């Protein structure tokens, strides 16, 4: 399969996932109203939405979403929006996705108020070998004289302990100035 076909396949996969999420949101809203899908009226023939109803629309990126969309960058712990506002990123998502400072994220605030994050622009990365340590009660990955903060959720997810040798991921550009690192794997004690 060539690269163009792979990109088409990925776009189709993304569209299917977004459509499934939209269906789940509609199903949940119906459930909250004490209804289900069979209680819905037939769709309008002209395809126009009813007044005052938020209908998911295909975005330019081929994702289908419902709710408010905000794009921003990951600062190691949170997403910073274009207005400078801070949005909390679940630590388990950041840990498992191995997000690093500078990664671009898309936040969809669903109609029910839930936050759905998606990594849309990973920065170039480099891997380093480090040791896990503690600095004022905060877990850190130590590389030479540099101490990178790591999420507590990453330490527990990988079952790392102080003194363990781990592989970390930092931005390739400016990684020496980065404050945070993502744990890639535990090498050993």
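The values are calculated or read from the model by the stated rules, or taken from the named source; none is laboratory data. This one's a predicted model, so the numbers in the text were calculated from it and none came from an experiment. Note that each Cβ is placed from the backbone with ideal geometry, even for glycine, and that neighbours are counted across all protein chains shown.
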So which residues in the range 94-117 are crowded, with 17+ Cβ neighbours inside 10 Å and out of contact with any helix residue (DSSP H, G or I) (no Cβ under 9 Å at 6 or more places or on another chain)? 97, 100, 101, 102, 105, 106, 107
Among the residues of the range 119-154, how many are in contact with a helix residue (DSSP H, G or I) (Cβ under 9 Å, 6 or more places away or on another chain) and more than 15 Å from residue 181 (Cβ to Cβ)? 1
Tally up the residues in the range 170-185 that are over 16 Å from residue 92 (Cα atoms) and buried (at least 17 other Cβ atoms within 10 Å of the Cβ), please. 4
The listed residue being part of a strand (DSSP E or B) and without any contact (Cβ under 8 Å) to a residue 60 or more places away in the chain, out of 183, 116, 187: 187
Can you name every residue in the range 126-163 that is assigned to a loop (DSSP other than H, G, I, E, B), closer than 24 Å to residue 90 by Cβ and in contact with a strand residue (DSSP E or B) (Cβ under 9 Å, 6 or more places away or on another chain)? 150, 151, 158, 159, 160, 161
For the list (1) in contact (Cβ under 8 Å) with a residue 40 or more places away in the chain; (2) farther than 16 Å from residue 103 by Cα; (3) assigned to a strand (DSSP E or B), I need the number of the one condition that residue 169 fails. (2)
Restricting to the range 123-152, count the residues that are surrounded by fewer than 17 Cβ atoms within 10 Å (Cβ to Cβ), within 18 Å of residue 77 (Cβ to Cβ) and within 22 Å of the chain's Cα centre (by Cα). 2
Consider residue 76 carefully, then state whether it is part of a loop (DSSP other than H, G, I, E, B) and surrounded by fewer than 16 Cβ atoms within 10 Å (Cβ to Cβ). no
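Table: residues versus (1) closer than 30 Å to residue 68 by Cβ; (2) at pLDDT 95 or above.
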{"residue": "115", "(1), (2)": "yes, no"}
{"residue": "126", "(1), (2)": "no, yes"}
{"residue": "130", "(1), (2)": "no, yes"}
{"residue": "133", "(1), (2)": "no, yes"}
{"residue": "156", "(1), (2)": "no, no"}
{"residue": "166", "(1), (2)": "no, yes"}
{"residue": "170", "(1), (2)": "no, yes"}
